[in-house]
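Comments concern the structure below.
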Amino acid sequence: MRRLLLPLLLGACATEEPEDPRLCNGYAELCDRPLDQVALPSTHNAMSNSDEGWLAPNHRYPPQRQLDDGVRGMLLDTYLWNDEPYLCHSFCEAGATPLVDVLTELATFFRDHPDDVMAIIFENNIDAQTLDATMREAGLDALRYTHPQGAPWPTLAELADQGTPLLVTVENPGDDDPDWHHDFYEIGFDTPYTFREAEDFTCEVLRGSAENDLFLLNHWLSTPLPTREGAREVNTYEILGGRARECAEFHQRIPNLVAVDHYDLGALFEVVEELNGIGETL
(Lines give C-alpha, C1' and ligand atoms only; values in the text may rest on other atoms or scores of the structure.)
Protein backbone atom coordinates (compact mmCIF):
# COMPACT_ATOMS: atom_id res chain seq x y z
CA MET A 1 0.00 0.00 0.00
CA ARG A 2 2.83 2.39 0.90
CA ARG A 3 4.47 1.71 -2.48
CA LEU A 4 1.24 2.56 -4.27
CA LEU A 5 0.64 5.80 -2.34
CA LEU A 6 4.13 7.24 -2.71
CA PRO A 7 4.02 7.75 -6.51
CA LEU A 8 0.56 9.29 -6.19
CA LEU A 9 1.73 11.74 -3.56
CA LEU A 10 4.85 12.60 -5.53
CA GLY A 11 2.75 13.10 -8.63
CA ALA A 12 0.36 15.41 -6.81
CA CYS A 13 3.26 17.50 -5.54
CA ALA A 14 4.84 17.66 -8.98
CA THR A 15 1.68 19.02 -10.60
CA GLU A 16 1.22 21.89 -8.15
CA GLU A 17 2.01 25.16 -9.90
CA PRO A 18 3.38 28.22 -8.08
CA GLU A 19 1.07 31.17 -7.75
CA ASP A 20 1.46 33.81 -10.43
CA PRO A 21 3.25 36.91 -9.11
CA ARG A 22 1.20 40.03 -8.58
CA LEU A 23 1.59 42.46 -11.47
CA CYS A 24 1.13 46.22 -11.00
CA ASN A 25 0.85 48.09 -14.29
CA GLY A 26 1.99 44.84 -15.85
CA TYR A 27 5.15 44.25 -13.79
CA ALA A 28 5.84 42.57 -10.46
CA GLU A 29 8.79 44.92 -9.96
CA LEU A 30 6.49 47.96 -9.74
CA CYS A 31 4.15 46.78 -6.98
CA ASP A 32 6.44 47.92 -4.15
CA ARG A 33 7.56 51.10 -5.93
CA PRO A 34 6.16 54.47 -4.74
CA LEU A 35 4.23 56.34 -7.42
CA ASP A 36 6.75 59.18 -7.54
CA GLN A 37 9.45 56.64 -8.47
CA VAL A 38 7.53 55.06 -11.35
CA ALA A 39 7.49 56.13 -15.01
CA LEU A 40 4.13 55.94 -16.78
CA PRO A 41 3.72 55.74 -20.58
CA SER A 42 1.52 58.75 -21.30
CA THR A 43 -0.38 60.36 -24.15
CA HIS A 44 -0.63 64.07 -24.98
CA ASN A 45 -4.17 65.16 -25.91
CA ALA A 46 -5.19 61.56 -25.35
CA MET A 47 -8.77 62.19 -26.46
CA SER A 48 -7.75 63.38 -29.94
CA ASN A 49 -7.69 60.46 -32.37
CA SER A 50 -8.27 59.67 -36.03
CA ASP A 51 -10.36 56.55 -35.39
CA GLU A 52 -13.14 58.79 -34.05
CA GLY A 53 -12.74 61.39 -36.78
CA TRP A 54 -10.91 64.19 -34.98
CA LEU A 55 -9.22 66.79 -37.19
CA ALA A 56 -5.42 67.03 -36.81
CA PRO A 57 -5.44 64.11 -34.36
CA ASN A 58 -2.69 63.47 -31.83
CA HIS A 59 -3.22 59.70 -31.95
CA ARG A 60 -4.63 56.99 -34.13
CA TYR A 61 -6.55 55.21 -31.38
CA PRO A 62 -9.08 56.43 -28.77
CA PRO A 63 -8.47 56.32 -24.99
CA GLN A 64 -9.99 52.85 -24.50
CA ARG A 65 -7.49 51.32 -26.93
CA GLN A 66 -4.71 53.33 -25.32
CA LEU A 67 -5.51 51.76 -21.95
CA ASP A 68 -5.55 48.30 -23.51
CA ASP A 69 -2.16 48.99 -25.09
CA GLY A 70 -0.57 49.96 -21.78
CA VAL A 71 -0.92 53.74 -21.53
CA ARG A 72 -1.13 54.73 -17.84
CA GLY A 73 -0.96 58.51 -18.00
CA MET A 74 -3.24 60.80 -20.01
CA LEU A 75 -3.27 64.51 -20.73
CA LEU A 76 -6.91 65.45 -21.36
CA ASP A 77 -8.63 68.77 -22.15
CA THR A 78 -12.11 69.47 -20.78
CA TYR A 79 -14.64 72.03 -22.04
CA LEU A 80 -18.31 72.85 -21.68
CA TRP A 81 -19.95 72.44 -25.08
CA ASN A 82 -23.69 72.77 -25.53
CA ASP A 83 -23.80 73.03 -21.72
CA GLU A 84 -22.30 69.52 -21.32
CA PRO A 85 -18.75 68.50 -20.33
CA TYR A 86 -16.73 67.29 -23.29
CA LEU A 87 -13.18 66.38 -24.13
CA CYS A 88 -12.04 68.75 -26.88
CA HIS A 89 -8.89 70.54 -27.93
CA SER A 90 -9.51 74.29 -28.26
CA PHE A 91 -12.40 73.92 -30.73
CA CYS A 92 -14.99 71.24 -30.06
CA GLU A 93 -16.15 71.46 -33.66
CA ALA A 94 -12.83 69.88 -34.66
CA GLY A 95 -13.39 66.88 -32.42
CA ALA A 96 -15.33 66.16 -29.26
CA THR A 97 -16.09 63.20 -27.02
CA PRO A 98 -18.50 63.33 -24.05
CA LEU A 99 -16.37 63.35 -20.92
CA VAL A 100 -18.63 60.83 -19.18
CA ASP A 101 -18.05 58.27 -21.94
CA VAL A 102 -14.27 58.20 -21.47
CA LEU A 103 -14.54 58.26 -17.67
CA THR A 104 -17.00 55.35 -17.76
CA GLU A 105 -14.55 53.38 -19.90
CA LEU A 106 -11.87 54.17 -17.34
CA ALA A 107 -14.04 52.93 -14.46
CA THR A 108 -14.61 49.68 -16.34
CA PHE A 109 -10.89 49.36 -16.97
CA PHE A 110 -10.11 49.63 -13.25
CA ARG A 111 -12.69 46.97 -12.43
CA ASP A 112 -11.02 44.64 -14.92
CA HIS A 113 -7.46 45.59 -13.87
CA PRO A 114 -7.54 45.95 -10.07
CA ASP A 115 -3.74 46.17 -9.74
CA ASP A 116 -3.23 48.98 -12.25
CA VAL A 117 -2.65 52.64 -11.36
CA MET A 118 -2.78 55.72 -13.57
CA ALA A 119 -2.59 59.51 -13.53
CA ILE A 120 -4.57 62.11 -15.45
CA ILE A 121 -3.57 65.73 -16.02
CA PHE A 122 -6.62 67.76 -17.05
CA GLU A 123 -6.25 71.02 -18.90
CA ASN A 124 -9.46 71.86 -17.16
CA ASN A 125 -11.81 74.38 -18.68
CA ILE A 126 -14.66 73.18 -16.47
CA ASP A 127 -14.95 73.68 -12.73
CA ALA A 128 -14.25 71.04 -10.09
CA GLN A 129 -17.95 70.61 -9.31
CA THR A 130 -18.76 69.70 -12.93
CA LEU A 131 -15.85 67.28 -13.09
CA ASP A 132 -16.89 65.74 -9.78
CA ALA A 133 -20.48 65.25 -10.95
CA THR A 134 -19.30 63.62 -14.17
CA MET A 135 -16.92 61.31 -12.32
CA ARG A 136 -19.71 60.27 -9.99
CA GLU A 137 -21.96 59.54 -12.97
CA ALA A 138 -19.17 57.38 -14.45
CA GLY A 139 -18.54 55.54 -11.17
CA LEU A 140 -15.02 56.90 -10.72
CA ASP A 141 -15.48 59.04 -7.61
CA ALA A 142 -14.55 56.31 -5.10
CA LEU A 143 -11.37 55.44 -7.04
CA ARG A 144 -9.68 58.86 -6.74
CA TYR A 145 -6.54 59.15 -4.64
CA THR A 146 -6.01 62.18 -2.38
CA HIS A 147 -2.37 62.93 -1.62
CA PRO A 148 -1.70 64.59 1.75
CA GLN A 149 0.63 67.54 1.36
CA GLY A 150 4.21 66.57 2.20
CA ALA A 151 3.41 62.89 2.76
CA PRO A 152 5.40 60.05 1.18
CA TRP A 153 3.79 58.62 -1.92
CA PRO A 154 2.15 55.19 -1.60
CA THR A 155 3.32 52.26 -3.66
CA LEU A 156 1.31 51.04 -6.63
CA ALA A 157 0.20 48.02 -4.59
CA GLU A 158 -0.94 50.26 -1.73
CA LEU A 159 -2.94 52.44 -4.11
CA ALA A 160 -4.57 49.37 -5.62
CA ASP A 161 -5.26 47.75 -2.23
CA GLN A 162 -6.95 50.84 -0.84
CA GLY A 163 -9.08 51.14 -3.96
CA THR A 164 -7.73 54.53 -5.06
CA PRO A 165 -5.73 53.79 -8.22
CA LEU A 166 -6.47 57.11 -9.96
CA LEU A 167 -4.51 60.33 -9.40
CA VAL A 168 -6.43 63.33 -10.74
CA THR A 169 -4.49 66.55 -11.35
CA VAL A 170 -5.40 69.81 -13.10
CA GLU A 171 -3.58 72.70 -14.70
CA ASN A 172 -6.02 75.40 -13.59
CA PRO A 173 -6.91 75.07 -9.90
CA GLY A 174 -9.78 76.95 -8.27
CA ASP A 175 -9.99 78.59 -4.88
CA ASP A 176 -12.17 75.95 -3.20
CA ASP A 177 -11.18 72.75 -4.99
CA PRO A 178 -11.71 69.41 -3.21
CA ASP A 179 -8.61 67.57 -1.99
CA TRP A 180 -8.65 64.98 -4.79
CA HIS A 181 -8.53 67.81 -7.39
CA HIS A 182 -4.74 68.28 -7.20
CA ASP A 183 -2.99 71.29 -8.71
CA PHE A 184 -0.40 69.50 -10.84
CA TYR A 185 2.10 72.34 -10.62
CA GLU A 186 1.97 72.27 -6.83
CA ILE A 187 3.03 68.61 -6.80
CA GLY A 188 4.83 68.40 -10.13
CA PHE A 189 6.69 70.19 -12.91
CA ASP A 190 7.09 69.84 -16.65
CA THR A 191 9.36 70.67 -19.57
CA PRO A 192 8.52 73.05 -22.42
CA TYR A 193 6.32 71.58 -25.15
CA THR A 194 6.47 73.84 -28.24
CA PHE A 195 9.32 72.23 -30.16
CA ARG A 196 9.49 72.46 -33.94
CA GLU A 197 12.52 70.20 -34.37
CA ALA A 198 14.12 67.41 -32.37
CA GLU A 199 17.21 69.58 -31.93
CA ASP A 200 15.08 72.03 -29.90
CA PHE A 201 14.28 69.57 -27.11
CA THR A 202 15.34 70.71 -23.65
CA CYS A 203 15.07 69.48 -20.06
CA GLU A 204 14.48 72.94 -18.59
CA VAL A 205 11.50 73.49 -16.27
CA LEU A 206 8.53 75.28 -17.84
CA ARG A 207 5.91 75.16 -15.07
CA GLY A 208 6.05 74.13 -11.44
CA SER A 209 9.22 73.59 -9.43
CA ALA A 210 11.90 70.95 -9.92
CA GLU A 211 11.66 70.43 -6.16
CA ASN A 212 8.13 69.01 -6.60
CA ASP A 213 7.49 65.28 -6.55
CA LEU A 214 6.22 64.48 -10.06
CA PHE A 215 7.95 65.11 -13.37
CA LEU A 216 6.13 65.39 -16.72
CA LEU A 217 8.32 65.04 -19.80
CA ASN A 218 6.57 66.67 -22.78
CA HIS A 219 7.95 65.03 -25.92
CA TRP A 220 6.36 65.91 -29.23
CA LEU A 221 6.77 68.28 -32.18
CA SER A 222 4.44 71.24 -32.77
CA THR A 223 4.73 72.19 -36.43
CA PRO A 224 2.21 73.57 -35.43
CA LEU A 225 -0.13 70.58 -35.79
CA PRO A 226 0.72 67.03 -34.72
CA THR A 227 1.70 64.61 -37.47
CA ARG A 228 2.51 60.92 -37.60
CA GLU A 229 5.66 61.80 -39.51
CA GLY A 230 6.85 64.00 -36.66
CA ALA A 231 6.02 61.35 -34.06
CA ARG A 232 7.78 58.69 -36.11
CA GLU A 233 10.88 60.88 -36.07
CA VAL A 234 11.04 61.75 -32.36
CA ASN A 235 9.50 58.66 -30.72
CA THR A 236 12.45 56.51 -31.71
CA TYR A 237 14.50 54.73 -29.10
CA GLU A 238 17.49 56.90 -29.92
CA ILE A 239 15.73 60.28 -29.59
CA LEU A 240 13.10 59.56 -26.93
CA GLY A 241 15.39 57.30 -24.93
CA GLY A 242 18.29 59.71 -25.25
CA ARG A 243 16.20 62.64 -24.06
CA ALA A 244 14.70 60.63 -21.19
CA ARG A 245 18.22 59.70 -20.08
CA GLU A 246 19.44 63.29 -20.42
CA CYS A 247 16.51 64.71 -18.44
CA ALA A 248 16.79 62.03 -15.75
CA GLU A 249 20.43 62.99 -15.29
CA PHE A 250 19.63 66.72 -15.43
CA HIS A 251 16.99 66.48 -12.67
CA GLN A 252 18.50 63.50 -10.84
CA ARG A 253 15.22 61.61 -11.08
CA ILE A 254 13.24 59.77 -13.73
CA PRO A 255 10.29 61.37 -15.51
CA ASN A 256 7.03 60.08 -14.03
CA LEU A 257 4.90 60.81 -17.09
CA VAL A 258 6.54 60.40 -20.49
CA ALA A 259 3.98 62.04 -22.80
CA VAL A 260 4.07 61.67 -26.58
CA ASP A 261 1.90 62.05 -29.65
CA HIS A 262 1.04 58.94 -31.70
CA TYR A 263 2.16 56.56 -28.98
CA ASP A 264 1.79 53.58 -31.33
CA LEU A 265 4.83 54.76 -33.28
CA GLY A 266 8.29 54.31 -31.87
CA ALA A 267 9.69 53.11 -28.56
CA LEU A 268 7.57 54.70 -25.79
CA PHE A 269 6.93 51.48 -23.91
CA GLU A 270 10.51 50.26 -24.26
CA VAL A 271 11.88 53.55 -22.95
CA VAL A 272 9.47 53.56 -19.98
CA GLU A 273 10.43 49.98 -19.11
CA GLU A 274 14.05 51.00 -18.97
CA LEU A 275 13.33 54.11 -16.90
CA ASN A 276 11.63 51.74 -14.45
CA GLY A 277 14.68 49.50 -14.37
CA ILE A 278 12.97 46.65 -16.15
CA GLY A 279 15.21 44.98 -18.71
CA GLU A 280 18.24 46.85 -19.95
CA THR A 281 19.02 50.22 -18.42
CA LEU A 282 19.21 53.40 -20.45
**Item:** All positions within the stretch 169-217 that are surrounded by 21 or more Cβ atoms within 10 Å (Cβ to Cβ) and in a strand (DSSP E or B)
**Value:** Thr169, Val170, His182, Gly188, Asp190, Leu214, Phe215, Leu216, Leu217
**Request:** Could you identify the single residue in Glu270, Glu246 that is in a helix (DSSP H, G or I), in contact with a helix residue (DSSP H, G or I) (Cβ under 7 Å, 6 or more places away or on another chain) and at pLDDT 95 or above?
**Result:** Glu270
**Request:** Give the residue, chosen from Ala157, Ala142, Ala210, that is over 18 Å from the mean Cα position of the chain (by Cα) and more than 17 Å from Ile254 (Cβ to Cβ).
**Result:** Ala142
**Prompt:** Does Leu225 meet the test of being surrounded by fewer than 16 Cβ atoms within 10 Å (Cβ to Cβ), under 19 Å from Tyr61 (Cβ atoms), touching a residue at least 60 places away in the same chain (Cβ under 8 Å) and not hydroxyl-bearing (Ser, Thr, Tyr)?
**Reply:** yes
**Fill in**
For the stretch 1-46, the count of residues that are over 17 Å from the mean Cα position of the chain (by Cα), at pLDDT 95 or above and polar (S, T, N, Q) equals 0
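Okay, residues lined up against (1) under 18 Å from the mean Cα position of the chain (by Cα); (2) closer than 18 Å to Leu275 by Cα; (3) of a type in the set (Asp, Glu):
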| site | (1), (2), (3) |
| --- | --- |
| Tyr193 | yes, no, no |
| Leu216 | yes, yes, no |
| Thr223 | no, no, no |
| Glu238 | no, yes, yes |
| Gly241 | yes, yes, no |
**Residue satisfying all of: in the stretch 17-45; out of contact with any Lys or Arg (no Cβ under 8 Å at 6 or more places or on another chain) and among the aliphatic types (A, V, I, L, M); nearest to Tyr237 (Cα to Cα) among these** = Ala39
**Request:** Report, ordered by the first and then the second residue, all pairs with beta carbons closer than 9 Å, sequence separation of six or more or different chains, a first member in the stretch 32-51 that is free of Cβ contacts under 8 Å to residues at least 12 places away in the same chain, and a second member that is surrounded by fewer than 24 Cβ atoms within 10 Å (Cβ to Cβ) and part of a loop (DSSP other than H, G, I, E, B).
**Result:** Ser50/Arg60; Ser50/Tyr61
**Prompt:** Is it the case that Glu93 is more than 17 Å from the chain's Cα centre (by Cα) and without any contact (Cβ under 8 Å) to a residue 12 or more places away in the chain?
**Reply:** yes
**Request:** Inspect the stretch 60-76 for any residue being among the β-branched types (Val, Ile, Thr) and farther than 20 Å from Leu265 by Cβ and give the result as yes or no.
**Result:** no
**Request:** Sort out which residues of the stretch 133-156 are assigned to a helix (DSSP H, G or I), touching an Asp or Glu at 6+ places or on another chain (Cβ under 8 Å) and surrounded by fewer than 19 Cβ atoms within 10 Å (Cβ to Cβ), and write them in order of number.
**Result:** Asp141
**Request:** Could you give me the residue pairs with C-beta distances under 7 Å whose first residue belongs to the stretch 102-129 and is under 16 Å from Asp141 (Cβ atoms) and free of Cβ contacts under 8 Å to residues at least 60 places away in the same chain, whose second residue is surrounded by fewer than 19 Cβ atoms within 10 Å (Cβ to Cβ) and of a type in the set (S, T, N, Q) wherever it lies, and which are 6+ apart or on separate chains?
**Result:** Glu105/Gln64
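Results for (1) out of contact with any Gly (no Cβ under 8 Å at 6 or more places or on another chain); (2) of a type in the set (Gly, Ala, Ser), shown as yes or no for each residue.
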| site | (1), (2) |
| --- | --- |
| Thr169 | no, no |
| Asp177 | yes, no |
| Thr202 | yes, no |
| His219 | yes, no |
| Leu225 | yes, no |
| Arg228 | yes, no |
| Gly242 | yes, yes |
| Asp261 | no, no |
| Gly266 | yes, yes |
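The values are calculated or read from the model by the stated rules, or taken from the named source; none is laboratory data. Please read all numbers here as calculations on a predicted model, not as lab measurements. Note that we place each Cβ from the backbone using ideal geometry, even for glycine, and neighbour counts take in every protein chain shown.
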